[in-house]
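Step one of this worksheet: look at the structure below.
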Amino acid sequence: MALPGTQATAPPAIELRGISKAFGPVQANRDISLVVPAGTIHGIVGENGAGKSTLMSILYGFYRPDAGQILVGRRDAGITDSQSAIRAGIGMVFQHFKLVPNFTVVENVILGAEDGALLAPSVSRARKELRRLAAEYQLDVNPDAVVETLSVGHQQRVEILKALYRQADILILDEPTGVLTPAEADHLFRILKGLRDRGKTVILITHKLREIMEITDNTSVMRRGEMVATVPTRETSPEQLAELMVGRKVLLRVDKAQAAPGTPILELSGLRMVDRAGVERLRGIDLTVRAGEILGIAGVSGNGQTQLLDILGGYPEAGAQVTGTARLAGRTLPLSGTDARARRHAGIGNIPEDRQAEGLVMDFSAWENTVLGRHRDAGTALMDNDAIRSRAAAQMERFDVRPRDPELAAKNFSGGNQQKIVVAREIESRPILLLVGQPTRGVDIGAIEFIHRRLIELRDAGAAILLVSVELDEIMALSDRIAVMFDGCIMGERLPDATSAAELGLLMAGASPSGIPPEQGQPDPDEREPAKGVI
Ligand SMILES: Nc1ncnc2c1ncn2[C@@H]1O[C@H](COP(=O)(O)OP(=O)(O)OP(=O)(O)O)[C@@H](O)[C@H]1O
């Protein structure tokens, strides 16, 4: 008997024929054809800017294609907007949820659904239906919980419930695990398999090839706006998919020489931070980063890493009390300061965790963003806009930013290319200490390889690098030493060659090296900030 999702005879749930879409000069989708068999999980991979989100937005009626046809269940679906896509049985879970935070789960589910007009009688009906769906698909969420009190993983379940409530047979998920803890991601995968086993069709966009291999039946690869291959997942490998995506072989591990650490560049001692609500977020951090080494901080997001980076970057949370001492290249670094510019002057580069909020001004052009934070620094030479433009063009060339258009606003680049703009600016400022937060979040495999190489080069040129990442693979691959952070404390330090993912995972979960949980205990996962990745 064929396994679920692999029946050659399964009728198509979706068929795209000759879809094309341009944004001005950018051909985001070119003559794309795709068949997704019903009852399968179909992965879509491709480099940043390959056109995945555009294609899915067309399928969901968000954009009208310039050419092409969408068939749902062999019939022209007549998709002209999201309402018609929903009527055709298509549901979409976006990266940024579209829920009303102060409404309850059931209110969110009813909102916009066709029977929403008769709110009073439909609430109890909807509640009942939600309970049924929750039981059938392991989507347990309290229908009467207010959405803003739910963890990110639960909010995502509400989005899935919303689609199922509207009788979606085809569910599109755009990078759904980027915001989840590892446990939440596992749960999501169980939900998706459950959906498939009951005949639903799932389309999953992800940059994580591990997820593709684990959960999909077939995988389609996009490159530069075109569909280059669709393969049964069991007949392919991460290496082959990476090569199809990028058009060349990609190193899935980082090649680096032994570090040659020099003098201490950053020395932190007894760093504590109490936020304005009185919660102690950092509980006495001691660490040293030397010239020519990468210290990786592993940990589930929300355990103080963001606060650590913000304090060192010179923008601690408003109202926070910071104590402890820090030295930068032997000189005292005031910890309570809020002057990011002074930090840059002192030689601290910063690739922030949230590139859109902190790394870029989204409405500014790429060239303006290449001097962000440094525009007042370098006297007249840098104030010459033509010089900045041509420097920016060269930098975009070196860092393979696509499209290579310095005039394009940051918001019109894909996520990975936005990240390359930030990485280029910070690395080329030649910092003595580089703070790096989640450098490859939402970034494709070719760009990950590229960013990792540039970080290693900067290390080899003598910079000290403090790397925070929730991606354990990334921490293991890049770090010369690994410190594990949990609940505002460093739980221990390890050498990458002398530890394992299992040991680090235990430390990340709060087990002390002796295996006994620390005195302060584990924070309630739902009270933490959303964890941002999968290890
Ligand atoms: N609204 C828009 N205006 C102008 N250009 C756009 C717009 N939306 C997308 N693009 C461009 O279209 C191309 C395809 O973008 P798309 O977001 O579909 O890629 P993607 O494969 O989903 O990328 P990522 O993996 O980074 O999310 C990119 O070059 C992008 O810059």
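Out of the strands (runs of 3 or more DSSP E) lying entirely within the stretch 202-292, which hold 1 or more residues that are surrounded by fewer than 16 Cβ atoms within 10 Å (Cβ to Cβ)? Show your work before the answer.
Numbers: elements: 218-223, 226-232, 264-274, 280-290.
In the stretch 202-292, the matching strands (runs of 3 or more DSSP E) lie at 226-232, 264-274, 280-290.
Only one of Ile215, Ile191 is over 22 Å from Gln438 (Cα atoms) and under 20 Å from the mean Cα position of the chain (by Cα). Can you tell me which?
Working: Ile191 fails: under 20 Å from the mean Cα position of the chain (by Cα).
Being over 22 Å from Gln438 (Cα atoms) and under 20 Å from the mean Cα position of the chain (by Cα) holds for just one of Ile215, Ile191, which is Ile215.
The condition of being under 28 Å from Ala447 (Cβ atoms), acidic (Asp, Glu) and surrounded by fewer than 20 Cβ atoms within 10 Å (Cβ to Cβ) holds for only one of Asp310, Asp363, that being Asp363.
Every listed requirement among (1) surrounded by fewer than 23 Cβ atoms within 10 Å (Cβ to Cβ); (2) at pLDDT below 90; (3) in contact with a helix residue (DSSP H, G or I) (Cβ under 7 Å, 6 or more places away or on another chain); (4) not assigned by the TED database to the domain that holds Asp310 is met by Gly416 save one, (1).
Quick one: Gly446 ticks every box in (1) of a type outside the set (D, E, K, R); (2) more than 16 Å from the ligand (Cβ to nearest atom); (3) under 28 Å from Met245 (Cα atoms) bar one, so which box is it? So the condition that Gly446 fails would be (2).
Just one of (1) at pLDDT below 90; (2) farther than 29 Å from Ile297 by Cα; (3) crowded, with 20+ Cβ neighbours inside 10 Å; (4) not hydroxyl-bearing (Ser, Thr, Tyr) fails for Met383. It is (3).
Of everything in the stretch 177-225 that is among the β-branched types (Val, Ile, Thr) and touching an Asp or Glu at 6+ places or on another chain (Cβ under 7 Å), the residue that is nearest to Gln167 (Cα to Cα) is Thr201.
Can you tell me how many residues within the stretch 391-443 are within 16 Å of the ligand (Cβ to nearest atom) and not charged (D, E, K, R)?
Counting residues in the stretch 391-443 that are within 16 Å of the ligand (Cβ to nearest atom) and not charged (D, E, K, R) gives 24.
When the stretch 48-95 is limited to residues that are under 20 Å from Gly199 (Cα atoms) and in a helix (DSSP H, G or I), the one that is farthest from the ligand (Cβ to nearest atom) turns out to be Arg87. Evaluated against (1) at positive phi; (2) in contact (Cβ under 8 Å) with a residue 60 or more places away in the chain; (3) buried (at least 19 other Cβ atoms within 10 Å of the Cβ), Ile297 falls short on exactly one condition, (1).
Let's see how each residue does on (1) of a type in the set (Gly, Ala, Ser); (2) more than 25 Å from Ile448 (Cβ to Cβ):
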{"site": "Asn218", "(1), (2)": "no, no"}
{"site": "Val221", "(1), (2)": "no, no"}
{"site": "Thr230", "(1), (2)": "no, no"}
{"site": "Pro238", "(1), (2)": "no, no"}
{"site": "Ala242", "(1), (2)": "yes, no"}
{"site": "Val250", "(1), (2)": "no, no"}
{"site": "Asp255", "(1), (2)": "no, no"}
{"site": "Leu268", "(1), (2)": "no, yes"}
{"site": "Val289", "(1), (2)": "no, no"}
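Restrict the check to the stretch 388-406 and report whether at least one residue is among the small types (Gly, Ala, Ser), more than 29 Å from Leu244 (Cα to Cα), outside the structural domain of Ala298 (by the TED database) and surrounded by fewer than 23 Cβ atoms within 10 Å (Cβ to Cβ). Can you show your working first?
Taking the stretch 388-406 first, the residues among the small types (Gly, Ala, Ser) are 390, 392-394.
Subset that is more than 29 Å from Leu244 (Cα to Cα): 390, 392.
Checking the rest, the ones that are also outside the structural domain of Ala298 (by the TED database) come to 390, 392.
Then keep just the ones that are surrounded by fewer than 23 Cβ atoms within 10 Å (Cβ to Cβ); that gives 390.
The answer is yes, given that some residue of the stretch 388-406 is among the small types (Gly, Ala, Ser), more than 29 Å from Leu244 (Cα to Cα), outside the structural domain of Ala298 (by the TED database) and surrounded by fewer than 23 Cβ atoms within 10 Å (Cβ to Cβ).
Taking the conditions exactly as written (at pLDDT below 95 and within 16 Å of the ligand (Cβ to nearest atom)), does Gln27 satisfy them or not? The answer is yes for Gln27.
The values are calculated or read from the model by the stated rules, or taken from the named source; none is laboratory data. The structure presented is a predicted model; accordingly, all values stated were derived computationally and were not measured. For neighbour counting, all protein chains shown are included, and Cβ atoms are generated from backbone atoms with ideal geometry for every residue, glycine included.
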